[in-house]
Amino acid sequence: MGEIGTLLFVDDEQGILNSLRRLFIDDNVRILTSTSGAEAIELIKSNDIAVIVSDHRMPGMSGIEFLQKAKALSPDSVRVMLTGYADTQAAIDAINKGEVYKFITKPWEIDEFRSIIFDAVGRHNVVQSLRKADEYTLYSLAQTIELKDPYTKGHCDRVAKYATTVAEALGLDEELKKDIRRGGWLHDCGKIGVPEALLNFKGPLTPEQMVVLKKHPCWGADVARSAHLPQAVVNIVLYHHERYDGTGYPLGLKGEDIPLEARIVNVADIYDSLTSERPYRDQLPKEEAIEILRANKATHSDPHIVDIFIRLLEED
């Protein structure tokens, strides 16, 4: 298998760099190291870096200053801040100025550290793929993301088809219909950052697990924005879990404050989830799923879109 990406570790302590290299020496990644921000900048100029991991306190150029420069040179590289100091202000500055993906303190927990880095590599590769923005690439990417959760095989494709059919029934223009199809494929792309053990958890999720899962729309929207996808696609990824009564997430939008394209995908997503097998329950028959959609009109979903969707289902 070829390399999945290049990692750049920056720390003024050679011992730390050696430890970081050993963590990934047997993985299919390319590893670069540097003991200074200035030297690391030159490496960024001449290499395609998937993930940059930088120490915070370094002589000459601080980690925050370095990551700001790294962001300007390589905006698609995912940036991670590493520090031995529990410095809240440093974390805030790193996130605000360097748009840091994660903030990790020393000493790190090995499995957690590796998980963060591989999630970051996946995030980088998703953005790179999305930049191509052709239909085949987007569809293939959706299928790849589904591999994290075998219970959702075919889900994104079905959601896209349902949503596009509703868009046609509403008489929406061709460009918006195309964006709705793409948004249907990519609506769960933020799950690239959700651990597979959580996605495949057999049973109701704990409140702590739900907090993690509910981050996936924001993660996905960040990826879609980074790839400069159309706003309608970003809206679908970000808002498809909003509810018509304002009790959804991530922002608690209500009614028609939720973009139309997201309200359409919301109905398609709920119906396909109900009629698909999941780790915590069996699939429901079509008739029972339709009754649930009806019961949740004006709470979970836009009543008008639910009515259109059910009519289309009954017309097969």
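The values are calculated or read from the model by the stated rules, or taken from the named source; none is laboratory data. Just so it is clear, the structure is predicted and the values come from calculations on it, not from any experiment. All Cβ positions, even for glycine, are placed from backbone atoms using ideal geometry, and neighbour counts span all protein chains on display. The accessibility values were calculated without ligands, DNA or RNA, using every heavy atom of the protein model including side chains. Shrake-Rupley method; radii C 1.70, N 1.55, O 1.52, S 1.80 Å.
Tabulated data
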item	result
Semi-axes of the equivalent ellipsoid for the stretch 192-311, Cα gyration tensor, largest first, Å	22, 21, 13
DSSP-defined antiparallel bridges as percent of all bridges, the chain, nearest 5	5 percent
Debye-sum result for the stretch 1-87 in log10 I(q)/I(0), which assumes one identical scatterer on each alpha carbon, at q = 0.13, 0.14, 0.21, 0.26 Å⁻¹	-0.37, -0.43, -0.97, -1.40
Separation in nanometres of the label points that stand 7 Å from Cα toward Cβ, at residue 254 and residue 295	2.4 nm
Computed over the stretch 1-42, Cα set: Rg, Dmax in Å	10.8, 33
Sulfur and carbon atoms: percent of accessible area, the chain [1.4 Å]	51 percent
Two-decimal Rg to Rh for the stretch 268-310 - Kirkwood Rh, Cα set	0.98
Kirkwood hydrodynamic radius of the chain, Cα pairs, Å	21.0 Å
Per-selection Kirkwood Rh - the stretch 120-262 (Cα, Å, 1 d.p.)	15.4 Å
Orientation-averaged projected area, Cα convex hull of the stretch 172-227 (nm²)	4.9 nm²
